[in-house]
Amino acid sequence: MDDEIAYLEATELLARYRSGALSPVDAIGEALARIERFEPVLNAFTLVDGDGARTQARESEARWRDGAPSGPLDGVPVTLKDIVLTKGWPTLEGSRTVDPERDWNEDCPAVTRLREAGAIFLGKTTTPEFGWKGMTDSPLSGITRNPWNPDLTPGGSSGGAGASLAAGIGALALGTDGGGSIRIPASYCGLYGIKPSFGRVPHYPQESPYASVVCGGPLARSVADAALMLNVISHPDARDGFALPDDGRDWRDGLDDGVAGLRLAYAPGLGGAEVAPEVLSVVAEAVRVFAGLGAHVEEVGPVFDPLRPQFEAYWLAGFAHRLRAIPPAKRDLMDPGLRALAEHGLAVSIEDYCAAMAARARLAACMSALHEEYDLLLTPTMPTPPPPVDTPYHSPGFDRWRHAVPFTVPFNLTGQPAASIPCGTGASGMPVGLQIVGPLHGDALVLRASGAFEAAVAHPYPHPVLFERSGSVSV
């Protein structure tokens, strides 16, 4: 076990491959060793392809030896969320209702681009059923745990991606975000994660009821790594008619430009959210960092009204759509929490759904008006530290609107780019994330501000201490 190799950023791995100081065989070997040691506790994978990864590592090693890497991520170990189509591997979406024996002969656009770039896939990471919630457990895979404290959730729905990366398994992770599913585990696990603007990363298939809010994106150990991965996965794909045109931008450009002179709004009570004191104190200190860097920071009010009354019907209708596609004989295999909400959604009327669509337009207009005055918006990513893994989701103790998504879901509805960056640890010892939100298509500005903050605080990001207890592996 070599923590130095395990926690190297992708950019540093590539530099060492180039110099000959390290081989992809070493990096893949370390990642697979950590899976073997920590997976019994973390439960972050639905599939691991050790043999395939080792074979690809040897091939990558030969290319680097010849000075001919196949692409910008050649030899970098990457994990894929088990919600993105991957050729040759089942994509079960955390559900026992999906047939694992069907033909799995197609990659989604982001996976296609990562293959072309030379990334080595370690396996598929866990997700709650159909990515429905901000914690990661499912009838298919069981409970995924946070490497900072295995009694707590890593968040969701890209929870396996966050847990494995935080434990030093792989250098990059591909997640998806339809309501916070990249940013939540980034915050809970002490990682950088960005949900790009809607359409920035081509998505396929577009058959989900939430197709207009979901975006793929990176979880990473640094802003530069996330930008490098975004370079790869943002290339166009004809299968996504909503994809933004490729402007040839290198998303690493401008990361060192700073924030002096930028106008930043700070909304700790966005949409009426209530924030735990230990989170609020850490985030407030992070906001002061921006002021110290020369940005003009102003605390603003809630900006918009609580979203639940306007959008509950929208989410329930989407759950109901998934339920209708599952044969009645298989519905007992579903997550009971998801099924209960989906059954409530069967009663949503077309009038209620259309009202939610109108509310989306109003929310987008509200945020557009905010960005006429402010370049960026700062908020906590999450209002509380991560809850215990056995906490019932969408219950009085952990209501999804109050405790899970009040800061994240608005920007899925508007399509704006938003990132979560580690900004410290709270009194409980768990990581806290700061959310940086940009105007629609302002991804470069979000990355620029993220780079400025990262450079101003302790780096590299802290990571959990993994240790053994009573002869069994724990974290």
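The values are calculated or read from the model by the stated rules, or taken from the named source; none is laboratory data. Everything numeric in this text was worked out from a predicted model, so none of it was measured. Positions of Cβ are generated from backbone atoms using ideal geometry, with glycine treated the same way; all protein chains shown enter the neighbour counts.
Filtering segment 215-242 to residues that are buried (at least 21 other Cβ atoms within 10 Å of the Cβ) and part of a loop (DSSP other than H, G, I, E, B) leaves R221, S222, S234. Residues in segment 10-37 that are of a type outside the set (K, R) and closer than 19 Å to G190 by Cβ: A10, T11, E12, A31.
Please work out if D237 is farther than 29 Å from D3 by Cα and without any contact (Cβ under 8 Å) to a residue 40 or more places away in the chain. It is false that D237 is farther than 29 Å from D3 by Cα and without any contact (Cβ under 8 Å) to a residue 40 or more places away in the chain. Looking across segment 59-95, the residues that are assigned to a loop (DSSP other than H, G, I, E, B) and over 23 Å from the mean Cα position of the chain (by Cα) come down to D66, G67, A68, P69, S70, G71, G88.
The combined condition, being closer than 16 Å to R263 by Cβ, crowded, with 20+ Cβ neighbours inside 10 Å and in contact with a Leu (Cβ under 7 Å, 6 or more places away or on another chain), is not fulfilled by L413. Can you tell me which residue within segment 112-152, out of those that are out of contact with any Phe, Trp or Tyr (no Cβ under 7 Å at 6 or more places or on another chain) and of a type in the set (V, I, T), is farthest from G426 (Cα to Cα)? That would be T112. Name the single residue, out of those in segment 138-154 being in contact with a helix residue (DSSP H, G or I) (Cβ under 7 Å, 6 or more places away or on another chain) and not in a loop (DSSP other than H, G, I, E, B), that is nearest to C189 (Cα to Cα). Here the answer is N146.
Looking across segment 95-118, the residues that are under 23 Å from I35 (Cβ atoms) and without any contact (Cβ under 8 Å) to a residue 60 or more places away in the chain come down to P100, W104, D107, R115, G118.
A quick yes/no check of all residues on (1) more than 18 Å from P128 (Cβ to Cβ); (2) of a type in the set (A, V, I, L, M, F, W, C):
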position: G159; (1), (2): no, no
position: S164; (1), (2): no, no
position: A173; (1), (2): no, yes
position: R200; (1), (2): yes, no
position: Y204; (1), (2): yes, no
position: D225; (1), (2): yes, no
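Matching residues to (1) farther than 30 Å from P150 by Cβ; (2) over 23 Å from the mean Cα position of the chain (by Cα); (3) of a type in the set (D, E, K, R):
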position	(1), (2), (3)
D335	no, no, yes
A340	no, yes, no
A359	yes, yes, no
P387	no, no, no
Y393	no, no, no
P406	no, no, no
G415	yes, no, no
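All of (1) more than 16 Å from the chain's Cα centre (by Cα); (2) at positive phi hold for F121 with one exception: (2).
When only residues in segment 186-214 that are hydroxyl-bearing (S, T, Y) and part of a loop (DSSP other than H, G, I, E, B) count, which is modelled with the lowest pLDDT?
Filtering segment 186-214 for residues that are hydroxyl-bearing (S, T, Y) and part of a loop (DSSP other than H, G, I, E, B), the one modelled with the lowest pLDDT comes out as S208.
Restricting segment 282-303 to residues that are part of a helix (DSSP H, G or I) and buried (at least 18 other Cβ atoms within 10 Å of the Cβ) leaves a set whose member that is farthest from the chain's Cα centre (by Cα) is F290. Out of F38, F45, which single residue is surrounded by 18 or more Cβ atoms within 10 Å (Cβ to Cβ) and modelled with pLDDT under 95? Just a single option satisfies the conditions, and that option is F38.
Kindly provide the set of residues from segment 112-137 that are assigned to a strand (DSSP E or B) and either surrounded by fewer than 24 Cβ atoms within 10 Å (Cβ to Cβ) or touching a Lys or Arg at 6+ places or on another chain (Cβ under 8 Å) (or both), ordered by number.
Within segment 112-137, F121, K124, T125 qualify.
Annotation: S450 fulfils all but one of (1) assigned to a helix (DSSP H, G or I); (2) touching a Lys or Arg at 6+ places or on another chain (Cβ under 6 Å); (3) of a type in the set (S, T, N, Q); the unmet one is (2). Within segment 306-352, the set of residues being closer than 21 Å to N412 by Cα and exposed (fewer than 14 other Cβ atoms within 10 Å of the Cβ) comprises P309 only.
The single condition from (1) farther than 21 Å from G190 by Cα; (2) surrounded by fewer than 22 Cβ atoms within 10 Å (Cβ to Cβ) that Y7 fails is (1). Within segment 171-185, the set of residues being touching a Gly at 6+ places or on another chain (Cβ under 9 Å) and either part of a strand (DSSP E or B) or in contact (Cβ under 8 Å) with a residue 60 or more places away in the chain (or both) comprises A173, L174, G175, T176, D177, G178, G179, G180, I182, R183, I184.
Scan segment 146-164 for residues that are buried (at least 24 other Cβ atoms within 10 Å of the Cβ) and over 25 Å from V76 (Cβ atoms) and jot them down.
Selection gives T153 alone.
For the condition in contact with a helix residue (DSSP H, G or I) (Cβ under 8 Å, 6 or more places away or on another chain) and either under 17 Å from A418 (Cβ atoms) or basic (K, R) (or both), G168 does not qualify. Could you please let me know if G438 is out of contact with any Cys (no Cβ under 9 Å at 6 or more places or on another chain) and at pLDDT 95 or above? Yes; evaluated as a whole, the condition is true for this residue.
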